[in-house]
Each structure stands twice: as structure tokens, then as C-alpha cells.
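All remarks here apply to the structure that follows.
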Amino acid sequence: MKIVSISYKTSQWELQNLDLGKVNLVVGKNTTGKSLVLETILMLSQIIKQNKRIDELGNDYMTWSICLQDTSFTLKYEYEWKNAIIFEKITWNGEVTLYRSGEEATITNALTKQQEQSFPPANKLLLHVLRDVKKYPFLEPLVRWSENMHGIRFANIDSQTGHQLSGHPFMGLLADVPTLFKYLPTSNQERVVEHLNLANYPIENITAPFNETQAPILFIKEKGVNNIIKHYDLSQGLIRSLSLFIFLEYVLKHKQAVTLLIDDLCEGLDYDRATKLGKIVFETCEQNDIQLLATSNDSFLMEVVDIKNWNILQRNGQTVTSINNQNNPDLFKEFRFTGMSNFDLLASDFITQKIAKI
């Protein structure tokens, strides 16, 4: 299951029709809203799984539209909030199965094929009060999607706080990296080391000898170095790479469809490590059941991520739009014949000139 498109609007800013694929690199100049896109997607998942109360967001007007897609369905979910839920709608494979206006809602019972009335609380989404996997199966994909959403601020992982994968406002899997590693199957642990080697970190092995009564510490042995290094003494680039690779193996171990948000991917890495880590992360997600949304201004990373997977954000006042291969295929096709580097698509005036002619 993946997000196909998403829109969001408040009185302060608006994201218009962001189209997404399996793996996505969100790029754009500073202050265009790259991090804010990830934060708002994560906020929606927090609201759906009731980790965040919608009425805690204040009285600001808010409208959401998100389209999820799997092999057997397409689901579009919309809602509006202004001091209360004033509108809510689900379209399931082209059919409206939930429609709510103010205090009254109608919902399709999948067993009887009949419309039913419901009168949910003003501060609750209907899926918060009326879940039934047989009567209303179209509510469940939204919940599953939200429960399998994780956010990581790559730039927040350092040698002092490397054990925390998520930092405010990202509240995905706030986990202990050494413990995650310890309970991975041997094959996953070996792949962490393999990926570190591919990213040009010459690691020989990693061990987690602690038990439940001891502080969780990883011991890292580098090739050609006699000393064993504890994970919190690693360099900034290595602890960030190690943490991310361990988390990816944790996701793969559980064999669940996941949406992974990574803010500032490859921040702080040199050219060699950034390009190699970026390729590993994108290829791992593309080959497995992981939808990836990564933001970055790293020119190194941009060079190894195919521009067909780019979303280039542009901001006009408080409105953010995106240019991508779905909504501007001719522009991307023409750019491929220029011979310029991927980074030039963002850094040059190529887009400005082409859009001006339309």
C-alpha cells in the first residue's frame, strides 16, 4: 500500500496535489516546505491512529485529501476541520462509501450493501468510533497505513543521540538502535555490515553482548584496527549510516508494508558515502514493500537518484506545488537530453525557462 497523492491546506500554508511513487526524493530550495511536507504526512497518521487529538491542533481551518493504493483497491480519504469535523468522505474504488457533513454521516455496510446513518462526536473521525473489519473494511487500510508510518530525521542522529532514530516532531519508531540490532536475525545483522562496507565503511563485524540488566552497547570492529569501538564513539557519519541500516533491517524483518519518511537524507556525509548510502536506501525500499519519501538538498545524493523519482517543490507565498515526472513528463524527458547533471535540474534555470513557455 502506498500514497499516490496528497493535498493539505490550513490558513497558513497549502500543499497542492503532491504525486508520489514507490520511492521519492523531495527536493527544493530552502524554505519551500520539504520538511513540512513530511511533518504534515506524519501528523495525519498520528491523528488517524489517535496518537494526536485533532482538537489539540487548535481552531485553525484544515483540509486533507490523501489517496492510497494497493493491488486490489484505490482509497481516497478527505476531511475538513474548523472547530469540529465539518466534512469527511471516503471513496473506495470509485464508490463513495462514507459521507459526513457536520454531525451526520452515512456509511455503506459491506455485508448488507445498505447505507447506515451515524452521528459521531464532533472531534472524532468516523473511523475512530465505528471500526468493524467486516461491515466497514474500507476503514482498515487507513489505520494499517498510519500504524506502519515511521519518520527519521537523519541530521538529528549523532554520536551522542545515535540511539534515537526519531526526533521531534517525528514520532515514528523511537527505538534503541543497539537493542534493535541485538534481536535481528543473523542474516539481517550480516546485511547491516555488508551495507556499511558497500557505503565504504570498512567494518569487520558488529556484536551486541549486553543482556537485559546491562546498558545496550554495540561493539564495532573495523578492518585493520585492533581496538573495538563502542557505538556512541563512532563518527557522526558512521553512526547515522549504522542507525539507518539497522532500522531498514528491522522493517524488513517484520515483513509489513511501511511508509518511511527520512528528512535530510545523507546530511553530513561526504560525496562517496552519500552516493553509496543513497543508492542502497533507495534500492532497498524499491525492491521491498517500503514506500520511501526522503527530503534532501544534497547534490551528491541527487546524482544517484533517478529524476523520475524526484518531486521538485516550488513555493509561491503560502502555496506549495510540485513538479515531477507525472505532471510534467515532457519537461523531464527534454532535460535528459541536455547532458546536464541531475543537480542542474534544480540549480539551473532550466525549469523556470520551460515553465514560462507553457
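The values are calculated or read from the model by the stated rules, or taken from the named source; none is laboratory data. Computed from a prediction, not measured in an experiment: that's the story for all the values here. Every residue, glycine as well, gets a Cβ built from its backbone with ideal geometry; the counts of neighbours run over all protein chains shown.
A few points about this structure:
- Checking every residue in segment 251-259 against the condition of being of a type in the set (A, V, I, L, M), more than 21 Å from His231 (Cβ to Cβ) and surrounded by fewer than 21 Cβ atoms within 10 Å (Cβ to Cβ) gives at least one match.
- Here Thr275, Thr284 are screened, and the one residue that is closer than 28 Å to Arg144 by Cα, of a type outside the set (A, V, I, L, M, F, W, C) and either surrounded by 19 or more Cβ atoms within 10 Å (Cβ to Cβ) or touching a Cys at 6+ places or on another chain (Cβ under 6 Å) (or both) is Thr284.
- Checked against (1) modelled with pLDDT of 95 or more; (2) of a type in the set (Ser, Thr, Tyr); (3) touching an Asp or Glu at 6+ places or on another chain (Cβ under 9 Å); (4) surrounded by fewer than 20 Cβ atoms within 10 Å (Cβ to Cβ), Thr74 meets all criteria but (3).
- Evaluated against (1) at pLDDT below 90; (2) assigned to a strand (DSSP E or B); (3) surrounded by fewer than 20 Cβ atoms within 10 Å (Cβ to Cβ), Ile152 falls short on exactly one condition, (3).
- Checking each residue in segment 78-93 for being under 22 Å from the mean Cα position of the chain (by Cα) and either closer than 20 Å to Lys22 by Cβ or surrounded by fewer than 21 Cβ atoms within 10 Å (Cβ to Cβ) (or both) picks out only Glu78.
- Meeting the requirement of 1 or more residues that are among the β-branched types (Val, Ile, Thr) and surrounded by 18 or more Cβ atoms within 10 Å (Cβ to Cβ), the strands (runs of 3 or more DSSP E) wholly within segment 183-239 are 203-207, 219-222.
- Just one of the numbered conditions (1) at pLDDT 95 or above; (2) surrounded by fewer than 21 Cβ atoms within 10 Å (Cβ to Cβ); (3) touching a helix residue (DSSP H, G or I) at 6+ places or on another chain (Cβ under 8 Å) is not true of Leu98: (2).
- Near pairs, Cβ below 8 angstrom, 6+ apart or cross-chain, from segment 104-129 (on the phi > 0 side of the Ramachandran plot) to any residue that is modelled with pLDDT of 95 or more and exposed (fewer than 13 other Cβ atoms within 10 Å of the Cβ): none
- Here Asn297 clears all of (1) surrounded by 15 or more Cβ atoms within 10 Å (Cβ to Cβ); (2) over 21 Å from Lys22 (Cβ atoms); (3) more than 18 Å from the chain's Cα centre (by Cα) except the condition numbered (3).
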